[in-house]
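Trainee: Sharing a structure below in structure tokens format, with a few things to ask.
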Amino acid sequence: MFRASVVATPGLFEKPVSQFTAAVKLAKDGFATRVGYNDKRVSKRVPIEKAETETIAEQSGIFSLKFTNSRKTLEFSVFNNRNEKNYKLEAQAAEKFELPIEIAAVAGRGKMALYIDGKKVAEREIPEFVLQSDSPFVLAAKDKEKYKVFDGALVRWRVADSALDSDFFEKGNAICDIDFSKFAEIPSDKTYFAVGGDFGDRPTDYAGCCDGLVTPDLRPSPEMTSVKKTHQNIHAKLLGFSEGVARIEIFNENFFVDLSKFKADWTLTRNGEEIASGSLPIAPTPPQGKSQAVANLSGVDFKKSGEYALRLSFKLAEDAYGFERGEETAWEQFELGGKFVPERDGKPLNVGTRGEAASRHEEPPQFSDDGKTITVSSENFSVKFDKATGWLFDYTRKNTGWLSVFGLGEDVRLIKSPMKMNFWRPRTNNDRGAKLKLGEKLARWRVATDRSKLTHFSANEVLDGVQIIANYFNFECQLSAQIEYFVHPDGTIDVYAHFTLGQTKIPTEVFRAGLQFAVNNNFDTREWYGLGPSETYVDTVRSAWLGKFKRGVDEMFFKFVDPQETSNVCGVRWANLSGGGLPKLKFTALQNHNFEFGVYPYLPEDIEQARSTAQLPERNFKIVNISAKNRGLGGVTSWRTTPVDSARLLSGQTYEMLFSISAE
């Protein structure tokens, strides 16, 4: 495949290995993957910029094989988790490595070696190591920040779990073997918007021609809600609230239009549920004028516990100014007091501190340790933890229906990958537009999780549940983290995560501080109580209101012309995933630790490697992000500006999360 990247999961080293051989055949040319489109104006060749560094293969934080120095150097590196060092081996070309070429990179039995066309060209000694990671691996990776791609074609890729010295494509037990020469060109009926460079045009600004507020087919982007809110010309301010009466000041920012053709409605919610509504009488406020209005809420019992919010909606009372009657032109929302308290079975959830829940006087779950895995289970559920990594990697709801009596029906695996720390997200156009080379400067945070060392792991039966504690440290990033779990008898898991981004010689920042994991692919609907209804980031929350919202997972993942980060929402009190007849998977904020929540139908690597929506593959899982905070989108004054400091995650800061996971 010519100038095409590959993202594969699970990673090469899902099971631990102490030696391996990675062999690759590369050709100068091959078939283009972008075929089957009848429009002859669209070039089948991916736009290419000469790259100084070209990645041949890479698994995040584990190993990499790449050309550097404009193909004058071949570089192979392996990270040794035992001593937290990255070992590198280089081979130099007389002038430049030319394609076609066969490369073998070998590590194990105390050595690293590089072979070119069957001949050893470099070797060094290294300590013994053990590699284990299920992170996806990428072949011929693109760098969308620099618009660079691998200038060549993949012919074959093979990895064996032994250190070979010959016959690299035949010997050893293959843990991965992909022969791209057998791939066929299959016409596709997928369509996408061709952008700069797709027509063979040079110079080009790539997707800069259609990355505005709407896509070429006039689909509004999530940013449209921010623009609409920022540009609204009717504003309201809460002057006071007492004895069930809200006094409101209204400002008409219009220069030539009064408010005689507008009406206002109010909606009162408790914990996101509407409990009262009505009309708000407003005066025909003159242009640039102010008036006052009163919302009478005296019929509501505010003594009932919960979080109260009053939302005002300004709409046209008749067709006017080019808009239709009833169309919302402005809104405001005010907090009226109270506090969100999570509930279970209609009663307040009794939670202690740091994930330690008060006893519910239920039968304790079963606890087992087979030396590699900690399993906590009952007749309704099972939760599994990997003792080597500390990660929670399986949450299964057991089949307890009437069919189970006959041995029929299946258990349902709800969480199906390790729940890992995460400090990276796909970059946005704004990230790239700022030209800060964030892909290079923050690269160590992309691999921070896989290069973090488990410094402590314990599992104990306490109260009526099981407590799991895992501590991690990453020397390069000066990252220290603790993830604490408490598994209850009913299968609810309280999660306490604490991340400290230590001070380093060179100040740094991260894209995200949170947890990331894969869930059952049948979850196609997301519901949440937090800010919505569209996506929000820490610097766009002004455009959202507090409420209960429900959207499709695919719908919420906005298909930008140039795939990038999307789908996040802020201020989440609870969120759940549902679909396919599965139990709902629910996440609930505890002790006012509201979180941010996002779901990808793809791997983050898929999003970063795809140049168009047509290149996003179908996956058999969804990726969930639960975060203490995400980096803002930036672009406050222009495309090339970074987010304000309050919307960034800087070194020297600590981020905490406290939430529960349950199946309902």
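Trainee: Residue-wise, which Karplus ³J(HN,Hα) couplings in Hz belong to region 249-263, taking 6.51 cos²θ - 1.76 cosθ + 1.60, θ = phi - 60°, and x for glycine or proline?
Mentor: Here the 3J(HN,Hα) series is 9, 10, 10, 9, 7, 4, 8, 10, 10, 8, 9, 5, 9, 10, 10 Hz.
Trainee: What FRET efficiency would be calculated for the residue pair Thr230, Arg413, taking the C-beta separation as r and a Förster radius of 45 Å, to the nearest 0.05?
Mentor: Working: r = 44 Å, r/R0 = 0.97.
The value I calculate is 0.55.
Trainee: While we're on this one: Largest first and to the nearest Å, give the Cα extent of region 291-346 along each principal axis.
Mentor: Principal axes ranked by extent give 48, 27, 16 Å for the Cα atoms.
Trainee: Keeping the other protein chains in place, figure out the carbon and sulfur percent of the accessible area of region 537-582, with a 1.4 Å probe.
Mentor: Looking at region 537-582 in its full context, I get 48 percent from C and S.
Trainee: Once you place label points 7 Å from the Cα toward the Cβ at Glu318 and Lys111, how far apart are they in nm?
Mentor: 9.1
Trainee: Moving on to the next point. When the Karplus curve 6.51 cos²θ - 1.76 cosθ + 1.60 is applied with θ = phi - 60°, which whole-Hz ³J(HN,Hα) does each residue of region 10-17 get, with x for Gly and Pro?
Mentor: Once rounded to whole Hz, the list reads x, x, 5, 10, 4, 9, x, 10.
Trainee: Another question, if that's okay. Got a sec? Charge dipole of the chain, +1 on Cβ for Lys and Arg, -1 for Asp and Glu; which of Thr428, Asn592, Trp331 is way out at the positive end?
Mentor: Looking along the dipole axis, the top candidate is Thr428.
Trainee: Near the amide H of Leu649, under 5 Å away, which other amide H atoms are found, from residues 5 or more places off or on another chain, if H is placed in the peptide plane?
Mentor: Result for Leu649 returns Val510.
Trainee: Just from its helices, what would the mean residue ellipticity at 222 nm be for the chain, if runs of 4 or more DSSP H residues each count -39500 (n - 2.57) and the sum is divided by every residue, rounded to the nearest 500 deg cm²/dmol?
Mentor: Details: 6 runs with 32 residues, N = 664.
Mean residue ellipticity, 222 nm, calculated: -1000 deg cm²/dmol.
Trainee: Measure up Lys66/Lys505; Lys15/Lys387; Lys72/Lys120 against 19 Å on the Cα-Cα distance and list the ones that go over.
Mentor: Lys66/Lys505, as the Cα separations exceed 19 Å there.
Trainee: Just name one of Thr396, Phe517, Phe169: the one whose Cα is farthest towards the positive end of the charge dipole of the chain (beta-carbon charges, Lys/Arg +1, Asp/Glu -1).
Mentor: Going by the charge dipole, the pick is Phe169.
Trainee: In whole Hz and in residue order, list the ³J(HN,Hα) couplings for region 116-125 that follow from phi through the Karplus curve 6.51 cos²θ - 1.76 cosθ + 1.60, θ = phi - 60°; x for Gly and Pro.
Mentor: 3J(HN,Hα) across region 116-125, in whole Hz: 10, 6, x, 9, 5, 10, 7, 7, 7, 8.
Trainee: Also: Give, as a single signed number, the net charge of other residues whose beta carbon lies under 10 Å from the beta carbon of Ala470, with Lys and Arg counted +1 and Asp and Glu -1. Can you show the working numbers first?
Mentor: On the way: positive: Lys387; negative: Asp386, Glu484.
Around Ala470, the charge tally is -1.
Trainee: Per residue, how much accessible surface does the chain expose to a 1.4 Å probe? Answer in Å², no decimals. Working shown, then result.
Mentor: Numbers: 29710 Å² over 664 residues.
About 45 Å² of surface per residue is accessible.
Trainee: May I pose another question? Would you mind checking which residues have amide H under 5 Å from Phe262's amide H? H placed 1.01 Å from N; only 5 or more apart, or other chain.
Mentor: Amide H neighbours of Phe262: Ala317.
Trainee: How large is the dipole of the chain about the Cα centre if only Lys and Arg carry +1 and Asp and Glu carry -1, each at its Cβ, rounded to the nearest 20 debye?
Mentor: 1240
Trainee: Then there is this: Carbon and sulfur: what percent of region 435-474's accessible surface (1.4 Å probe)?
Mentor: 49
Trainee: Sort 423-433, 207-217 by the packing proxy (mean of other Cβ within 10 Å over each peptide's residues), most packed first. Please list the in-between numbers first.
Mentor: Working: 423-433: 22.0, 207-217: 14.4.
The most tightly packed comes first, giving 423-433, 207-217.
Trainee: Amide H of Glu343: which non-local residues (sequence gap of 5 or more, or other chain) have their own amide H closer than 5 Å, using H built in the peptide plane?
Mentor: The list, which skips near neighbours in sequence, is Leu349.
Trainee: Which listed residue (Thr641, Asn620, Ala610) has the Cα farthest towards the positive end of the charge dipole for region 603-662, taking +1 on Lys and Arg C-beta and -1 on Asp and Glu C-beta about the Cα centre?
Mentor: Toward the positive end, the furthest listed residue is Thr641.
Trainee: Let me spell out the model: positive unit charges on the Cβ of Lys and Arg, negative unit charges on the Cβ of Asp and Glu, origin at the Cα centre of region 80-211. What dipole size does that give, in debye rounded to 20?
Mentor: Here region 80-211 has a charge dipole of around 380 debye.
Trainee: Give me the net charge of Glu410's neighbourhood, meaning all other residues with Cβ under 12 Å from the Cβ of Glu410; Lys, Arg count +1, Asp, Glu -1.
Mentor: +2
Trainee: At a 10 angstrom cut-off on C-beta neighbours, averaged per residue, how do the peptides 546-553, 93-100 rank from highest to lowest?
Mentor: Order by mean packing, descending: 546-553, 93-100.
Trainee: Roughly speaking, to the nearest percent, how much of region 81-212's 1.4 Å accessible area is carbon and sulfur?
Mentor: Answer for region 81-212 is 47 percent, counting heavy atoms of protein chains only.
The values are calculated or read from the model by the stated rules, or taken from the named source; none is laboratory data. Since the model is a prediction, treat every value here as computed from it, not as a measurement. Note: ideal-geometry Cβ built from the backbone for every residue, glycine included; neighbour counts use all protein chains shown. With ligands, DNA and RNA removed, areas are computed over all heavy atoms of the protein, side chains included. Shrake-Rupley method; radii C 1.70, N 1.55, O 1.52, S 1.80 Å.
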